[in-house]
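Structure, as structure tokens:
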Amino acid sequence: MDRGPRLFPNPWLLLVFEALFVTASETLLKVGASRTERVAGWEWTGLLSLASIWIWCAIALVILSFLCWINVLKYIPLSIAFPLSNVVHVLVPLSCWIFLAEHISPRRWCGIAVVILGLAVVAKPVAKIEEKL
Amino acid sequence: MTREQTIVAVFVFATEVITTVVGQLLLKHAMEGSTTLGFAHPRILKLFGTGVLALAISFFLTIGLLQHFDLSFFYPIQGSTVVIITIAAAIFLREKLSLQLVIGSLLISAGIVVVSLS
């Protein structure tokens, strides 16, 4: 496996940033969308939300996450990077819970735990490879 | 929902999953190639452009599906893309697939299904 540049941008670090940017953008999209006024006939297009500064921040974060992602793909196999990028399914609910005070049901916590377990199973052999190098 | 609507929905679902998988495979192929050929190489740009186009199509199909279905119904199908992409990467990009990787991907998919059902 080509590990790419040693310091920044380290592809594994970029993968972490990609997930954090996605999480932040999803949270801000929710904030922006809920603060947008509802005008009949327009609400489904989502276009009115463009008046919100939060939505623009979210769009900027989506672009940043994409830039990180394509650089991750330069060095990390897709069969490892894509499963690991699904850490957002853990981070987004946590972010909603912490910042938006949304309620998370016990069953959802169980689902989050299963995702974490899956991530650990995928990440373990990777950590071994990295150790040997 | 009528029979015709069901057929359309299944078709849109399938197209959404396929464009996501194809888009990610093309992006991966392009970015890997860019390390040797350079990003500005016509072949790389073509792969990259097609990949972005495929992901754009899947993005808008997702929005269209969200207008017709509950997120909780639709999300598990997105969760399944984890397993599909892992296996597709092994087949089309000849990435090494370990049993551990497959089990991990299955667990992540299963977790996403549980999260969306609650």
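The values are calculated or read from the model by the stated rules, or taken from the named source; none is laboratory data. As the structure is a prediction and not an experimental result, all values here were calculated from the model. Cβ: placed from backbone, ideal geometry, glycine included. Neighbour counts: every protein chain shown.
Observations on the model:
- The condition of being within 20 Å of B:Phe59 (Cα to Cα), more than 7 Å from every other protein chain (Cβ to nearest Cβ), crowded, with 19+ Cβ neighbours inside 10 Å and of a type outside the set (Ser, Thr, Tyr) holds for only one of A:Ile70, A:Ile55, that being A:Ile55.
- For region B:98-116, residues that are more than 18 Å from the chain's Cα centre (by Cα), hydrophobic (A, V, I, L, M, F, W, C) and facing chain A (nearest Cβ under 7 Å) total 3.
- When restricted to residues that are farther than 20 Å from B:Ile84 by Cβ and modelled with pLDDT of 95 or more, region B:1-30 contains 0.
- Reported count of residues in region A:85-102, each being more than 8 Å from every other protein chain (Cβ to nearest Cβ) and either touching a Gly at 6+ places or on another chain (Cβ under 9 Å) or on the phi > 0 side of the Ramachandran plot (or both), is 2.
- Residue check, A:Ser105 within 12 Å of another protein chain (Cβ to nearest Cβ), hydroxyl-bearing (Ser, Thr, Tyr) and surrounded by 22 or more Cβ atoms within 10 Å (Cβ to Cβ): no
- Within region A:71-93, being in a helix (DSSP H, G or I) and touching a residue at least 40 places away in the same chain (Cβ under 8 Å) holds for A:Asn71, A:Val72, A:Lys74, A:Tyr75, A:Ile80, A:Ala81, A:Leu84, A:Ser85, A:Val88, A:Leu91, A:Val92.
- Count - residues of region B:27-51 that are hydrophobic (A, V, I, L, M, F, W, C) and buried (at least 21 other Cβ atoms within 10 Å of the Cβ): 4
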